[in-house]
Amino acid sequence: MKIALRQLTFKDGQDIYDMLQEIPEYENGYANRCKDRSFEDYRKWLIKCENNSNGKDLESWKVPQEVFWLYIDGKPVGQGKVRYQLTDLLLEQGGHIGYAIRPSERKKGYGTILLKLLLDKTKIREIEKVLITVLNHNIPSIKVALNNGGVIEKVTEERKYIWFYNKRGE
């Protein structure tokens, strides 16, 4: 199996667009802003995401985030987002990392692979504590987080707060 994690660029094409049409617009706290949008709107969204990753054109409540695509054997199977800093809102809803696997590719271990690769991005930036928040009913994502060494440190009526601890020098 050939695994690749590729960062979003404004040049991304039809294969990514097709994947985004398969991922629900909003599922388990993950928002897919391209679902049911035209290809032209998707292209505009790519430019906006690339600008946002560089801290440009951010809405007041947002922080820069990078978007990545998980490819397995040359096919995009998932999307992930990494934020390298958090606001008070993101500490409650969202965390540092969000991800989704396209429905036709679920239950193959790709979520575990994608989260590991996204966590590696936080190690490069030397973020020592990484948070993801997972809705309580999202058992697959909870398992993915625990498989990657996450520790559930807080539980509310709505979600679990799962922390990952990066060691210096890894």
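The values are calculated or read from the model by the stated rules, or taken from the named source; none is laboratory data. None of these values were measured; they are calculated from a predicted model. Here the Cβ positions follow ideal geometry from the backbone for every residue, glycine too, while neighbour counts run over all protein chains shown.
Selection of the range 38-55 for residues being within 26 Å of Thr133 (Cβ to Cβ) and among the charged types (D, E, K, R) yields Lys48, Glu50. Can you name every residue in the range 96-117 that is farther than 16 Å from Gly149 by Cα and among the charged types (D, E, K, R)? Passing the criteria: Arg102, Glu105, Arg106, Lys107, Lys108. Has the range 70-80 got at least one residue that is within 19 Å of Glu158 (Cβ to Cβ) and buried (at least 18 other Cβ atoms within 10 Å of the Cβ)? The answer is no, given that none of the residues of the range 70-80 is within 19 Å of Glu158 (Cβ to Cβ) and buried (at least 18 other Cβ atoms within 10 Å of the Cβ).
Can you say whether Gly98 is at positive phi and out of contact with any Asp or Glu (no Cβ under 7 Å at 6 or more places or on another chain), as far as the supplied structure shows? Criteria not met by Gly98. For the range 145-165, indicate whether the set of residues that are at pLDDT 95 or above, under 13 Å from the mean Cα position of the chain (by Cα) and closer than 23 Å to Gly78 by Cα is non-empty. Scanning the range 145-165 turns up at least one residue that is at pLDDT 95 or above, under 13 Å from the mean Cα position of the chain (by Cα) and closer than 23 Å to Gly78 by Cα.
For Leu8, indicate whether it is touching an Asp or Glu at 6+ places or on another chain (Cβ under 6 Å) and surrounded by 18 or more Cβ atoms within 10 Å (Cβ to Cβ). Here the answer is no, as Leu8 does not meet what is asked.
If the condition is being exposed (fewer than 13 other Cβ atoms within 10 Å of the Cβ) and under 16 Å from the mean Cα position of the chain (by Cα), then the range 24-41 contributes only Tyr26. Considering Gln85, Gln21, Gln65, Gln14, the condition of being polar (S, T, N, Q) and crowded, with 17+ Cβ neighbours inside 10 Å is satisfied by Gln65 alone. Among residues that are closer than 22 Å to Gln7 by Cα and surrounded by 12 or more Cβ atoms within 10 Å (Cβ to Cβ), Arg159 is not included. Consider the range 1-42 and keep the residues that are over 22 Å from Ile72 (Cα atoms), assigned to a loop (DSSP other than H, G, I, E, B) and not charged (D, E, K, R). The one that is modelled with the lowest pLDDT is Gly29.
If you filter the range 43-63 down to residues that are touching a Lys or Arg at 6+ places or on another chain (Cβ under 7 Å) and outside any helix (DSSP H, G or I), you find that the one that is modelled with the lowest pLDDT is Asp57. Inside the range 85-109, residues that are of a type in the set (Ser, Thr, Tyr) and closer than 18 Å to Gln21 by Cβ make up a count of 2. Can you work out which of the residues in the range 102-126 that are among the β-branched types (Val, Ile, Thr) and under 13 Å from Ile3 (Cβ atoms) is surrounded by the fewest Cβ atoms within 10 Å (Cβ to Cβ)? Top of the filtered list is Thr112.
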